[in-house]
Amino acid sequence: MAYDKFQVLTSSAYPLPTENVDTDQIIPARFLKATERVDFDINFFRDWRYNQDGTPKEDFPLNKEIYAGSKILVGGRNFGSGSSREHAAWSVYDFGFRCVISSFFADIFKNNCLNVGVLPVQVSAKFAQKIFDAIDADANTEIEVNLQEQSVTLVATRESESFDISVYKKDNMLNGFDDIDYLQNIKSEIKAFATTRPF
């Protein structure tokens with residue numbers, strides 16, 4: 001599945017400073033029985049977003065209209081811990097996020113995000129707090145994420161920090177590729193190499 005190319009994203013952000021958010025909170029286990037990728041946006045943080053009667057919890061950030069339409073989620077430290085379910089990354093993407101920022105990610109969740117078109121940006125705890133403080137002061141605070149330059153910037157103050165990403169995953173995201181798209185893109189090179197190998 002190809003994704004939109006990720007180059008420079010400038011957006012306001014949803015703040016979720018809770019630490020140790022695990023994948024069962026991101027997408028509860030009872031929704032993992034689906035055989036098709038549907039309704040993962042609806043069930044994203046299902047138990048945190050809704051009361052038992054199905055009404056939205058007004059105090060939960062993802063339900064606040066003031067943040068609606070934001071393409072960036074800023075999470076607390078150790079975001080995406082727990083089981084390795086890829087469904088968690090699907091739900092992040094399907095809800096509308098193209099980037100998640102945190103001071104620490106669980107490795108499997110981080111890789112799953114990269115595989116489905118979501119850019120996980122790991123920053124220092126100090127810079128993460130600056131982002132939370134900026135959003136707290138102004139819910140419309142914009143954040144610029146530049147993948148080519150590997151930088152995340154608070155637009156208003158131009159405070160910036162760099163982040164790491166593998167060369168392969170960076171190239172894929174810049175081109176909107178998943179792993180299969182990448183192989184399709186170099187099919188001619190693979191065929192040329194194959195002709196040099198003995199059968």
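The values are calculated or read from the model by the stated rules, or taken from the named source; none is laboratory data. None of the values given here were measured: they were computed from a predicted structure. Backbone-built Cβ (ideal geometry, glycine too); neighbour counts: all protein chains shown. Calculation scope for accessible area: heavy atoms of the full protein, side chains included, ligands and nucleic acids excluded. Shrake-Rupley method; radii C 1.70, N 1.55, O 1.52, S 1.80 Å.
Structure above, values below:
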{"read-out": "Sole exception among (1) under 18 Å from residue 13 (Cβ atoms); (2) in a loop (DSSP other than H, G, I, E, B); (3) of a type in the set (S, T, N, Q) for residue 148, by number", "value": "(1)"}
{"read-out": "The range 158-172, residues that are open to solvent by 80 Å² or more (accessible area, probe 1.4 Å) and either not hydrophobic (A, V, I, L, M, F, W, C) or not in a helix (DSSP H, G or I) (or both)", "value": "158, 162, 164, 168"}
{"read-out": "Residue list for the range 8-43, filter: modelled with pLDDT under 95 and either of a type in the set (Gly, Ala, Ser) or in contact with a Leu (Cβ under 6 Å, 6 or more places away or on another chain) (or both)", "value": "29, 34"}
{"read-out": "Flag if residue 81 is of a type in the set (Ser, Thr, Tyr), buried (at least 16 other Cβ atoms within 10 Å of the Cβ) and more than 16 Å from residue 27 (Cβ to Cβ)", "value": "no"}
{"read-out": "Residue within the range 27-40 that is in contact (Cβ under 8 Å) with a residue 60 or more places away in the chain and either closer than 27 Å to residue 131 by Cα or not aliphatic (A, V, I, L, M) (or both) present", "value": "yes"}
{"read-out": "Positions within the range 23-78 being under 15 Å from residue 97 (Cα atoms), open to solvent by less than 50 Å² (accessible area, probe 1.4 Å) and touching a helix residue (DSSP H, G or I) at 6+ places or on another chain (Cβ under 8 Å), in sequence order", "value": "26, 27, 40, 43, 44, 45, 61, 62, 63, 67, 73, 74"}
{"read-out": "Condition check for residue 181: outside any strand (DSSP E or B), modelled with pLDDT under 95, under 27 Å from residue 104 (Cβ atoms) and not hydrophobic (A, V, I, L, M, F, W, C)", "value": "no"}
{"read-out": "Residue within the range 51-60 that is over 23 Å from residue 121 (Cα atoms) and in contact with a strand residue (DSSP E or B) (Cβ under 9 Å, 6 or more places away or on another chain) present", "value": "yes"}
{"read-out": "Sole exception among (1) modelled with pLDDT of 95 or more; (2) β-branched (Val, Ile, Thr); (3) open to solvent by 80 Å² or more (accessible area, probe 1.4 Å) for residue 152, by number", "value": "(3)"}
{"read-out": "Count of residues meeting criterion [polar (S, T, N, Q), modelled with pLDDT under 95, touching a strand residue (DSSP E or B) at 6+ places or on another chain (Cβ under 8 Å) and assigned to a loop (DSSP other than H, G, I, E, B)] in the range 65-86", "value": "1"}
{"read-out": "Which listed residue, of 128, 89, 137, is open to solvent by 20 Å² or more (accessible area, probe 1.4 Å) and either at pLDDT 95 or above or farther than 16 Å from residue 14 by Cβ (or both)", "value": "137"}
